[in-house]
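Undergrad: The structure that follows is given in the form of structure tokens.
The values are calculated or read from the model by the stated rules, or taken from the named source; none is laboratory data. Being a predicted model, the structure only gives us computed values, none of them experimental. Cβ placement follows ideal geometry from the backbone for every residue including glycine, while neighbour counts extend to all protein chains displayed. Protein only, heavy atoms only, side chains kept; ligands, DNA and RNA dropped before computing areas. Shrake-Rupley method; radii C 1.70, N 1.55, O 1.52, S 1.80 Å.
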Amino acid sequence: MLLVVGVYVVAGNVVNGVGGGAAKALAKGSVPAAYQQLVSTWGNLCPAINPALLAAQLYQESGFNPKAQSHAAAQGIAQFIPGTWATHGIDGDGDGDRDVWDPKDAIPSAAKYDCTLASYVKDVGGNPTENMLASYNAGAYAVIKYGGVPPYEETQNYVKRIRALEESFAAPVGRVDPSEQAAGAIAYAQKKLGTLYLWGGNGTAEQGGRFDCSGLTKAAYESVGITLPRVANDQYNAGPHPKREELLPGDLVFFSDDLTNSRAIRHVGIYVGGGYMIDAPRPGAVIRFDPIDTPDYFGATRVTEDGAKALPTTV
């Protein structure tokens, strides 16, 4: 197949919303089905939060793992430390107990904690959602003292990360701007056509320049200055999600046996137009063009620099 791809793109901007659930419904499958209703419901608890923002926090904290435990003793899907849980944990499912390991308690508690923090800083000027996030990171006193997000690099970066991740969990309500790096990523992938697949391959000299599916997409975007996570299901969160009819060359396209759960994604390729992608499909095959319109097509991500930078290094 001979394919010539011309991509003329402009830089896209991540648009920061001001909170409220109506404009930030969850993108298809971005939250595991078991937690979809919890996040959708409790993400509208107060005006400072929305379902996409709550999903971004849970992903940042635990990758939706209800058994997660950190070295700092943070526990469960929302990573509450014991002292904070004792004060702010609630019985979200009404079964008579408050269990930090039960997402039916922990997700409502995370939303309630956000709204409590927002109430502490409600009279501070600026964006109420960003003030709440800053309070989560640095404490409400710091937000009140500085009249908004305090001038701490860690706090400012935390707010920026969550707002960028929020966009990757939100269903787009309008045009999704293309990435200016898309053409370069495609050009890189095209040069690898015919290369034999290697499970775990990152294209190193020791591996004979071979790749697996997510190794190829990571290397393609790394060639234009964007660092993606290593595995496909985390790459899904590197930007907003265009619909099938809105795909542009350079979008990452994803495939899964469970179309309700982005954490179950098992394959990724780079869309090149005309219903085709470049991908490293499986052992014994070579990097090639493949059609994307298959029953296991999950969705797409338009990679952004801010979205990629926001992703946690481990989830």
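Undergrad: Excluding ligands, DNA and RNA, what is the solvent-accessible area per residue of region 247-292 at a probe of 1.4 Å, expressed in Å²?
TA: Spelled out: the 1.4 Å probe surface of region 247-292, per residue, equals 33 Å².
Undergrad: If you roll a 1.4 Å probe over the heavy atoms of the protein chains, what accessible area per residue do you get for region 118-197, in Å²?
TA: With the other protein chains kept in place, region 118-197 gives 47 Å² per residue.
Undergrad: If you stretched the chain out fully between THR116 and ALA187, how much longer would it get, using 0.36 nm times the residue separation minus the C-alpha to C-alpha distance?
TA: Answer, rounded to one decimal: 20.7 nm.
Undergrad: Of THR301, THR41, which has the most accessible area and how do the rest follow, probe 1.4 Å?
TA: Correct descending sequence by accessible area is THR41, THR301.
Undergrad: Over region 169-315, what percent of the accessible surface lies on carbon and sulfur atoms, probe 1.4 Å?
TA: Here carbon and sulfur together make up 52 percent of the probe-accessible area.
Undergrad: While we're here: Considering only GLY239, GLY96, ALA264, whose Cα is most displaced toward the positive end of the charge dipole of the chain, charges sitting on Cβ of Lys, Arg (+1) and Asp, Glu (-1)?
TA: Going by the charge dipole, the pick is GLY239.
Undergrad: Considering all projection directions equally, how large on average is the shadow of the alpha-carbon convex hull of the chain, in square nanometres?
TA: Here the figure is 16.9 nm², rounded to one decimal.
Undergrad: Now for a separate question. Whenever you get a sec, line up ARG266, ARG163, ARG230 from highest to lowest accessible area (probe 1.4 Å, protein heavy atoms).
TA: Ranked list, largest accessible area first: ARG266, ARG230, ARG163.
Undergrad: Quick one: if you take sqrt(5λ) for each eigenvalue of the C-alpha gyration tensor of region 148-203, what semi-axes come out, biggest first, whole angstrom?
TA: 35, 18, 12
Undergrad: Could you please report the charge total around ASP177, scoring K, R as +1 and D, E as -1 over all other residues with beta-carbon less than 14 angstrom from its beta-carbon?
TA: Every neighbour counted, the sum reads -4.
Undergrad: Here is a further query. Could you order LEU45, LEU58 so the one with the most accessible surface comes first? Probe is 1.4 Å.
TA: Ranking LEU45, LEU58 by accessible area, largest first, yields LEU45, LEU58.
Undergrad: On average over all directions, what projected area in square nanometres does region 108-233 have, based on the convex hull of its Cα atoms?
TA: 11.2 nm²
Undergrad: If the reach is capped at under 19 angstrom between alpha carbons, list the lysines near LYS243, excluding any in the same chain fewer than eight residues apart.
TA: Output for LYS243: LYS24, LYS28.
Undergrad: Using modelled backbone amide H atoms (1.01 Å from N, in-plane), which distant-in-sequence or interchain residues come within less than 5 Å of ILE49's amide H?
TA: Excluding prolines and chain starts, which carry no amide H, the hits are GLY20.
Undergrad: Now a separate question. If you place +1 on the Cβ of every Lys and Arg and -1 on the Cβ of every Asp and Glu, how big does the dipole about the Cα centre of region 170-315 come out, in debye to the nearest 20?
TA: 240 debye
Undergrad: Taking amide hydrogens as modeled 1.01 Å from N in the peptide plane, which residues meet the under 5 Å criterion relative to MET277, leaving out close sequence neighbours?
TA: Placed amide hydrogens put VAL272, ASP290, ILE292 under 5 Å from MET277.
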